[in-house]
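Presented below is the structure to which this report refers.
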Amino acid sequence: MKKKGNPISFVYFVICMVTCWCLNDGILAQRNETVVVKVGAVLDISNGPNAAGIIGLSCINMALSDFYHSHSHYKTRIQIIVKDSHKDVVTAATHALDLIKNEEVQAIIGPTTTMEANFMIQLGDKAQIPIVTFSATSPSLASFQSPYFFQISQNDSAQVKAITSIIQAFGWKQVVPIYIDNSFGEGLIHYLANVLQEANIQVPYLSAISLSANDHVITRELQKIMTTIPTRVYIVHMSPNLGTKLFTLAKKIGMMGEGYVWIVTDSMANLFNSLNFNVWESMEGVIGVRTYIPRTKKLDDFRVRWKRKFISDNPTLFNTKFNIFGIWAYDATIALAMAIEKVGIGNTKFGYNESNTSSNYYMPNFEKFGIAQNGEKLSEALSNTSFNGLSGDFNVVDGKLQASIFEIINVIGNGEKRVGFWTPNKGLARNLDMKGLISKNSIYSSSKNDLRSIIWPGDMYSIPPIWKKLKIGVPARHADNYPEFLRVTYDHNTNKTQATGFCIDVFKAAVDILPYNLQYEFFQFAKADGEMAGTYNELITQLYDGKYDAVVGDVTIIANRSNYVDFTMPYTESGVTMVVSMKDNRKKNAWTFLKPLTWDLWVASVGSFVLFGFVVWNLEHKINDDFRGPPSYQIGTSLWFSFSTMVYAHREKVVSNLTRFVTVVWVFVVLILVQSYTASLTSMLTVEQLSPTITDVNQLIRNKMNVGYPIGSYVYGIVKNLGFSDSQLIAYQSPKEFHDLFIKGSVNGGIDAAFDEVAYVKHFLGTYSCSKCFQKDHHL
């Protein structure tokens, strides 16, 4: 008989199988809850105390660890796939292409430099994956206008207005930018030059230095700037390695002493804590502008943890200092992790598009690659991500980290001192309130009073005279040649040129109102014998060639000179005028007394006297015995009465009221007539009646009359253009010679006319009582 199985054992077996199946399914379900998202990191992770890549990588790993430790319930996990660019643009591009094609990453953190970013942004656009950089700061990257590029670093253009405010605060009018000769340097310089020009700050020279330049090349460029450019204010924008070499060489040739001003951008200021002692010593007095990161307990704790972990992972790099790129790398990674979790990436595979093959300048003849299915959503999520990170409030605007506050620092000894802050809305200030806003400042400030005291190069506490000693050229004029305008003498004992006169007074008055001490020295434009070394045009040419920094004197503004040099506003009346001889039109003879009145007026006056005598006789002879008698007596009495009213000597009495009325009117008429006659006669006898002997330039040319012009002046060219021959032209050197030539006249070897500038002619006519000189009332 067969033995039956135990039903209890069977049930137990079934229960065990179901339980195992459920447990296995639960484990699988738990595993399926977490989605691994691949993210590439193309960084330069070579060893070095200033390497942003290796510091950034350590911060990326710590960010992921911290984020998922505090958000363990999140369903996505980032897997970082690291590629080393080895500081090479082509290698970085190759790694980025490999990450997209073979690894199908959903985003790429990096690139480290601006030049690497230029290519990688194009790849990100093609594959539609976010490219996130925490160390490429050039504003030129914004020109790509890619929705997939995120610059989680302070854009260099944000600091331009801060630097401009500092320059305005101290009243400097010229600066020289010195920058690294690559896309990183050029990206900022164009923005800087435009903003400076808008603020009326001139940029006389742009100095570009190659990254591969040796000490000799850098020294030669610095000496060129020092000797040929008048200003001593320099803005340095370059990598720390090249920048430290620049300042070391600048100190050797004396450009870090008194009278110099150096301002460095955040490309160096952000890494001041990584500089060694020798570099600090070379940079004493330098002003730096860098992004302000508020010091918080969260940041302090992270610094301690980072240092411990970094030394543990990289024991040979114990001197490496934490910097701002590590902060931005940490915050960028947190933002990317938050965006990936928000999108909830499920399908990490790429779709392929036949049109996604490249044949442009940046990616020639590469194979086709896929398009991320979640790229657009991830890019949008990253744009909308905000949180409080190590750098403060994290917020992305148009793919760039929101502009923040800048702190202004001063290098002192082997350390630094904060001298103020700058914000986009309020400008310069000494302090910030608890919210990071400028306190006690309601308006935008560009005043040096809103900065703490600064120690300048050369251990100077006062604002340095930022101009080198200018070489001022002055024309060597003859001692008698209008010394009131300009007089130049040379002291052989001191080998110094002394200049006086109106032109020099105007120059010195302008220098006195400058907000800084302008040092200058006069140099006469003269030969060994003291005579002027050439024409004024030749003097201008020497200024253009750089022999002089400026020219002060009676130099006239004309068109061809303005093509080579800049002039101040004119401070005297400009133009060329003609001086000619004059003649007196008066003719004195026995009949001069008749000239005050014309013949018509004489006849009218005599007729009026006769008419008045007749009217009086007609009214009086019937009732007044004085007007009766023989006809001849009556005629004589009437005429006598009429003419005697001129001197009010008439003896006859009038009895008729009508006669009296007529007489009163007549007395007024006679009074006006007598006074007018007396005034005219007096004027004719005492005032000179002058008129020019020459009224037209053509008259001088036609009659071959001699004309004069000042020696060495541009007036000679004007006279020649008018058509005068050289035989008619006589040069004079002083006002006295000018006067003597006029006295002689053309007949005696002198001149009948002269051409000179208005200011000199007016001075000449006011100085000399020239009875033959007349200024023609028109300018040439």
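Here are a few things to note about the model shown:
- Residue check for L543: part of a helix (DSSP H, G or I), crowded, with 18+ Cβ neighbours inside 10 Å, modelled with pLDDT of 80 or more and not small (G, A, S): yes
- Residue match in region 408-425 (condition: at pLDDT below 80 and among the small types (G, A, S)): no
- In region 490-510, the residue that is nearest to A759 (Cα to Cα) out of those that are surrounded by fewer than 15 Cβ atoms within 10 Å (Cβ to Cβ) and among the aliphatic types (A, V, I, L, M) is V506.
- Taking region 157-185 as the range and being over 27 Å from I463 (Cα atoms) and crowded, with 23+ Cβ neighbours inside 10 Å as the test, the residues that pass are I180, F184, G185.
- Near pairs, Cβ below 8 angstrom, 6+ apart or cross-chain, from region 739-754 (free of Cβ contacts under 8 Å to residues at least 12 places away in the same chain and open to solvent by less than 10 Å² (accessible area, probe 1.4 Å)) to any residue that is part of a helix (DSSP H, G or I) and polar (S, T, N, Q): none
- Subset of region 68-115 [open to solvent by less than 10 Å² (accessible area, probe 1.4 Å) and at pLDDT below 90]: G110, P111, T114
- Flag for Y677 being open to solvent by less than 70 Å² (accessible area, probe 1.4 Å) and either modelled with pLDDT under 85 or in contact with a helix residue (DSSP H, G or I) (Cβ under 6 Å, 6 or more places away or on another chain) (or both): yes
- Residue in region 578-593 that is in contact with a helix residue (DSSP H, G or I) (Cβ under 7 Å, 6 or more places away or on another chain), of a type in the set (V, I, T) and at pLDDT 75 or above present: yes
- Within region 186-211, tally of residues that are among the aliphatic types (A, V, I, L, M), over 13 Å from W172 (Cα atoms) and either surrounded by 19 or more Cβ atoms within 10 Å (Cβ to Cβ) or modelled with pLDDT under 90 (or both): 4
- Qualifying residues in region 603-638 (those that are open to solvent by 80 Å² or more (accessible area, probe 1.4 Å) and among the aliphatic types (A, V, I, L, M)) - the one nearest to V674 (Cα to Cα): V603
- For region 725-738, filtered to residues that are touching a strand residue (DSSP E or B) at 6+ places or on another chain (Cβ under 8 Å) and in a helix (DSSP H, G or I), the residue that is surrounded by the most Cβ atoms within 10 Å (Cβ to Cβ) is F738.
- When S574, S562 are checked against the criterion of being polar (S, T, N, Q), more than 27 Å from T228 (Cβ to Cβ), open to solvent by 30 Å² or more (accessible area, probe 1.4 Å) and modelled with pLDDT under 90, a single residue qualifies: S574.
- Scanning region 212-241 for residues that are closer than 21 Å to F184 by Cβ, open to solvent by 50 Å² or more (accessible area, probe 1.4 Å) and touching a residue at least 12 places away in the same chain (Cβ under 8 Å) returns a single hit, N241.
- All positions within region 242-272 that are in contact with a Leu (Cβ under 8 Å, 6 or more places away or on another chain) and open to solvent by 20 Å² or more (accessible area, probe 1.4 Å): T244, I253
- Residue among L690, L722 that is over 24 Å from R477 (Cα atoms) and at pLDDT 85 or above: L722
- Residue match in region 50-67 (condition: assigned to a strand (DSSP E or B), within 30 Å of G389 (Cβ to Cβ) and either at pLDDT 90 or above or touching a His at 6+ places or on another chain (Cβ under 6 Å) (or both)): no
- Residue that is nearest to P710 (Cα to Cα) [pool: residues in region 521-537 that are over 29 Å from the mean Cα position of the chain (by Cα) and of a type in the set (D, E, K, R)]: E531
- Number of residues in region 755-768 that are touching a residue at least 12 places away in the same chain (Cβ under 8 Å) and among the small types (G, A, S) equals 1.
- Count - residues of region 694-721 that are under 11 Å from A753 (Cβ atoms) and surrounded by 14 or more Cβ atoms within 10 Å (Cβ to Cβ): 11
- Candidates are the residues of region 605-634 that are more than 15 Å from V655 (Cα to Cα), in contact with a helix residue (DSSP H, G or I) (Cβ under 8 Å, 6 or more places away or on another chain) and of a type in the set (A, V, I, L, M, F, W, C); the one that is modelled with the lowest pLDDT is F612.
- Only residues that are in a helix (DSSP H, G or I) and of a type in the set (F, W, Y) were counted in region 71-119, giving 1.
- Residues that are under 17 Å from F394 (Cα atoms) and either touching a residue at least 40 places away in the same chain (Cβ under 8 Å) or in a helix (DSSP H, G or I) (or both) occur at least once in region 307-325.
- Test: S683 is assigned to a helix (DSSP H, G or I) and either open to solvent by 70 Å² or more (accessible area, probe 1.4 Å) or at pLDDT 85 or above (or both): no
- Per-region count, region 713-736, residues touching a residue at least 24 places away in the same chain (Cβ under 8 Å) and of a type in the set (D, E): 0
Results for (1) open to solvent by less than 30 Å² (accessible area, probe 1.4 Å); (2) closer than 30 Å to D459 by Cβ, shown as yes or no for each residue.
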site	(1), (2)
K377	no, no
S383	no, no
V396	yes, no
K400	no, no
A403	no, no
I412	no, yes
K417	no, yes
P424	no, no
N431	no, yes
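- Residues that are part of a loop (DSSP other than H, G, I, E, B) and under 30 Å from the mean Cα position of the chain (by Cα) were ranked within region 387-405; the one that is modelled with the lowest pLDDT is A403.
The values are calculated or read from the model by the stated rules, or taken from the named source; none is laboratory data. None of these values were measured; they are calculated from a predicted model. Quick reminder, even Gly has a Cβ in these numbers, built from the backbone with ideal geometry, and neighbours come from all protein chains shown. Heavy atoms of the whole protein, side chains included, go into the accessibility calculation; ligands, DNA and RNA do not. Shrake-Rupley method; radii C 1.70, N 1.55, O 1.52, S 1.80 Å.
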